[in-house]
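Engineer: Take a look at this one; I'll ask things after.
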Amino acid sequence: MNAPRRRIEGITLMEAMIAITILTMVTTLVWGGFSQTARNKARVEADLGRMQEVRITLNRMVRELGQAYVSAQRNPNTILRTTVTAFIGLDHGDRDRIDFTSFSHRRLRRDAHESDQCELSYFVADDPDPDNRGQRVLARREQNRIDDDPQRGGHVQILAHDVVGFELEYLDPASGEWLRSWDTTQAAQQPNRLPSQVKILLTMRDPRHHGRTLTYGTRAELRLVWALNHSIYNP
């Protein structure tokens, strides 16, 4: 008597191809979801980095401009003049520059022979990185000792990248008008006095939309509107 044959169960080639196709589709959908999540994460991190850069830059400018000062104490002999305090704001369209003396210097070493006085400048310059050719940056110059030229010397650092425009306006406390320039070194301008406020507008390229820009603004309130005079004159 012959034993009954066992039925061998399996899948056909067509069933295997259908299963592989479904698995491929599911894998593609899952991978696409992960890729989109990674791109969104990178985009959000880039936006947060940009906002952090802008916030730190504007806060620093507000703090340092708020402690700006000039002194009426000048040696009448220009040859013997070794220190010059000034507040010079130059209007260059969307690439303004400001040079001023301030009480905002911070000593990094306890035994450093430095005071809280310094020369500061903010200006727009070309990006030194060869990979960012054609782009501009907002630069900051600081010299921790005041000399006879408030617009040169010290070291320069980059505060913000991909800058399109940097504009400043100055509130004249005498007239209540906003001015595009200010110069305490010229008798025809504003000798011995500072603006009560400085309006800051920083325009940067929008990384998400080509051709669009984003403008960030704030105001700095200056505490010492009149020059340090030591009873030379009464403001």
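Engineer: Relative to the longest principal Cα axis of the chain, at what angle does helix 13-66 sit, 0 to 90 degrees, rounded to 10?
Structural biologist: Helix 13-66 sits at roughly 10 degrees to that axis.
Engineer: Can you pull out the trypsin sites (Lys or Arg not before Pro) in the range 52-114 whose DSSP state is coil and whose Cβ has at most 16 other Cβ atoms within 10 Å?
Structural biologist: Those that pass, being in a loop and sparsely packed, are R74, R81, R106, R107, R109, R110.
Engineer: Taking DSSP loops as anything outside H, G, I, E and B, show the longest stretch in the chain free of chymotrypsin sites (Phe, Trp or Tyr not before Pro) there with at most 16 other beta carbons within 10 Å.
Structural biologist: It runs 104-232.
Engineer: With +1 on the Cβ of every Lys and Arg and -1 on the Cβ of every Asp and Glu, and nothing else charged, how large is the dipole of the range 1-137 about its Cα centre, in debye rounded to the nearest 20?
Structural biologist: In total the dipole reaches around 600 debye.
Engineer: Which residue fluctuates the most in the chain, going by a Gaussian network model with Cα springs under 10 Å, if the choices are H155, H105, H210?
Structural biologist: H210
Engineer: How big is the chain on each of its three principal axes, counting only the C-alpha atoms and giving the largest first in Å?
Structural biologist: Ordered largest first, the chain gives principal extents of 132, 44, 31 Å.
Engineer: DSSP loop (so not H, G, I, E, B), at most 14 other Cβ within 10 Å: list which GluC sites (Glu not before Pro) in the range 135-217 pass both filters.
Structural biologist: The qualifying sites are E177.
Engineer: Tell me the relative contact order for the range 47-221 as a rounded percent, counting alpha carbon contacts under 8 Å between residues six or more apart.
Structural biologist: Relative contact order, the range 47-221: 20 percent.
Engineer: Please state the charge dipole magnitude for the range 105-235, taken about the Cα centre, from unit charges on C-beta atoms (+1 on K and R, -1 on D and E), reported in debye and rounded to the nearest 20.
Structural biologist: 340
Engineer: What residues have an amide H closer than 5 Å to that of S71, excluding those fewer than 5 places away on the same chain, when H is modeled at 1.01 Å from N in the peptide plane?
Structural biologist: Amide H neighbours of S71, under 5 Å, 5+ apart: T85, L228.
Engineer: Averaging sequence separations of C-alpha pairs under 8 Å and six or more residues apart, then dividing by the length of the range 154-235, give the relative contact order as a whole percent.
Structural biologist: Averaging sequence separation for qualifying contacts and normalising by length gives 27 percent for the range 154-235.
Engineer: Under 14 Å from the 7 Å Cα→Cβ point of D94, by amide nitrogen: which residues of the range 162-197?
Structural biologist: Inside the label zone: 162-168.
Engineer: Shifting gears a bit: If each DSSP helix of 4+ residues adds -39,500 (n - 2.57) and the sum is divided by the residues in the chain, what number results at 222 nm, nearest 500 deg cm²/dmol?
Structural biologist: -8500 deg cm²/dmol
Engineer: Now for a separate question. Under 5 Å between amide hydrogens, which residues at least 5 positions from R95 or on another chain qualify, with H placed 1.01 Å from N in the peptide plane?
Structural biologist: F166
Engineer: If Lys and Arg each add +1 and Asp and Glu each add -1, what is the summed charge of the other residues whose beta carbon sits under 15 Å from the beta carbon of T185?
Structural biologist: Local charge sum for T185: -1.
Engineer: Roughly how big is the chain's charge dipole about its Cα centre, with Cβ charges of +1 (Lys, Arg) and -1 (Asp, Glu), in debye to the nearest 20?
Structural biologist: Dipole magnitude for the chain comes out near 980 debye.
Engineer: Can you tell which of A227, A174, T21 lies farthest toward the positive end of the dipole of the chain, using +1 and -1 charges on the Cβ of basic and acidic side chains (Lys, Arg; Asp, Glu)?
Structural biologist: T21
Engineer: Positive end of the charge dipole of the chain (Lys, Arg +1 and Asp, Glu -1 on Cβ, about the Cα centre): tell me which of P191, P207, A112 has its Cα farthest that way.
Structural biologist: Most positive-ward Cα: P207.
Engineer: Along the charge dipole of the chain, pointing to its positive end and built from +1/-1 on Cβ of Lys, Arg, Asp and Glu, which listed residue (Q73, F103, P150) has its Cα farthest out?
Structural biologist: Of the listed residues, the answer is F103.
Engineer: In whole angstrom, note down how far apart the Cα centers of the range 59-106 and the range 20-38 are.
Structural biologist: Distance between centres, Cα-based: 60 Å.
Engineer: Considering only T215, T101, T27, give the residue with the highest GNM mean-square fluctuation for the chain, with springs between Cα atoms whenever their separation is below 10 Å.
Structural biologist: T27
Computed from the coordinates by the stated procedures, all read-outs in this text should not be read as laboratory data. Please read all numbers here as calculations on a predicted model, not as lab measurements. Methodologically, a virtual Cβ is constructed for each residue, glycine included, from the backbone with ideal geometry; neighbour enumeration extends over all protein chains shown.
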